[in-house]
Structure formats: C-alpha cells, structure tokens
C-alpha cells in the first residue's frame with residue numbers, strides 16, 4: 001500500500017539538487033496552491049492505475065504527478081506542478097519522516113495552510129485527464 005504524506009516547506013534548494021534529494025526520498029515538489037482534495041484524488045487515481053495496470057509512468061510519484069496535473073506526459077506534468085517560489089508542498093511516498101525530508105532539502109516546515117476543498121473544475125481536470133476524445 002502506498003501512503004502519502006504532504007509537508008509545506010520553505011527552502012532555497014532548487015533545480016537538480018532539489019530533484020536529486022526528492023528522488024532519494026521518493027517524493028515530489030508541487031507548487032503551493034493545490035488543495036488536500038486534489039492531492040487525495042490524484043493519489044487515489046494513481047494507486048488505482050497501478051492496481052489495474054493502466055499507469056502511464058513506471059514510477060509511482062510520476063504517475064501521481066500525471067494525475068495531479070491532468071497531463072499525459074511526465075515532462076509537462078512536472079512543468080505544470082513545479083514550484084516557482086521557495087515555499088511549496090512536498091508529497092512523500094516513502095517512510096521518510098519529516099526530519100529526514102527537512103534535512104535532505106535544507107528546509108524548514110511552514111504551517112500547513114493547504115485548503116481542504118477543491119474547486120469542481122480542479123477535480124474534473126484530474127478525474128477526466130485520461131478520457132480519450
């Protein structure tokens with residue numbers, strides 16, 4: 001079973017250094033502004049895709065990003081969700097704890113102010129992203 005934890009953090013770590021640290025943690029960085037509901041739906045759909053063998057990505061965290069962004073290719077999904085500021089959300093899919101995440105990213109945790117409920121169009125973007133025209 002894949003368990004997801006999310007942390008809102010601030011760090012100056014960026015680029016290849018950030019991505020290398022995230023890979024070791026089995027985690028992804030996501031721009032601030034997504035809701036809990038969006039994270040949960042994307043996680044659920046990524047799990048289901050792996051269970052049904054309908055996943056596009058071979059690595060779970062990338063499948064999660066595909067669903068979260070509503071995209072069908074990893075490069076555009078990463079571009080869509082990539083943080084543009086020092087404050088962002090980290091979604092972790094391993095047993096790495098908060099201290100490990102903060103240490104690996106040279107970060108400090110910020111009070112979790114992630115909104116719970118998503119706009120209907122945000123959920124539609126996620127849930128309908130694999131419907132073929």
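No lab work stands behind these numbers, since they all come straight from the coordinates. Computed from a predicted structure; not experimentally measured. As a convention, Cβ positions derive from the backbone with ideal geometry for all residues, glycine included, and neighbour counts pool all protein chains shown.
So here's what we get for this one:
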{"quantity": "Angle in degrees between helix 60-69 and the longest Cα principal axis of the chain, rounded to the nearest 10", "calculated": "70"}
{"quantity": "Cβ-based exposure ranking for 8, 28, in which fewest neighbours within 10 Å come first", "calculated": "8, 28"}
{"quantity": "Theoretical gain in end-to-end length, residue 127 to residue 115 [0.36 nm per residue, Cα-Cα removed]", "calculated": "2.4 nm"}
{"quantity": "Potential extension, residue 50-residue 100 segment - 0.36 nm per residue separation minus Cα distance", "calculated": "15.3 nm"}
{"quantity": "Measure of compaction for the chain (Cα Rg per 2.2 N^0.38 Å)", "calculated": "0.99"}
{"quantity": "The range 30-107: radius of gyration over Cα atoms, expressed as a fraction of 2.2 N^0.38 Å", "calculated": "1.12"}
{"quantity": "Sorted by Cβ neighbour density within 10 Å, fewest at the top, the residues 81, 13", "calculated": "13, 81"}
{"quantity": "The chain: most fluctuating residue of 122, 91, 29 per GNM, C-alpha cutoff 10 Å", "calculated": "122"}
{"quantity": "Residue exposure sequence - 45, 123, 66 - by fewest surrounding Cβ within 10 Å", "calculated": "123, 45, 66"}
{"quantity": "Stretchable slack from residue 76 to residue 24, in nm (0.36 nm times residue separation minus alpha-carbon distance)", "calculated": "16.5 nm"}
{"quantity": "Between 0 and 90°, nearest 10: helix 36-51 axis offset from the chain longest Cα axis", "calculated": "60"}
{"quantity": "Angle in degrees between helix 15-25 and the longest Cα principal axis of the chain, rounded to the nearest 10", "calculated": "80"}
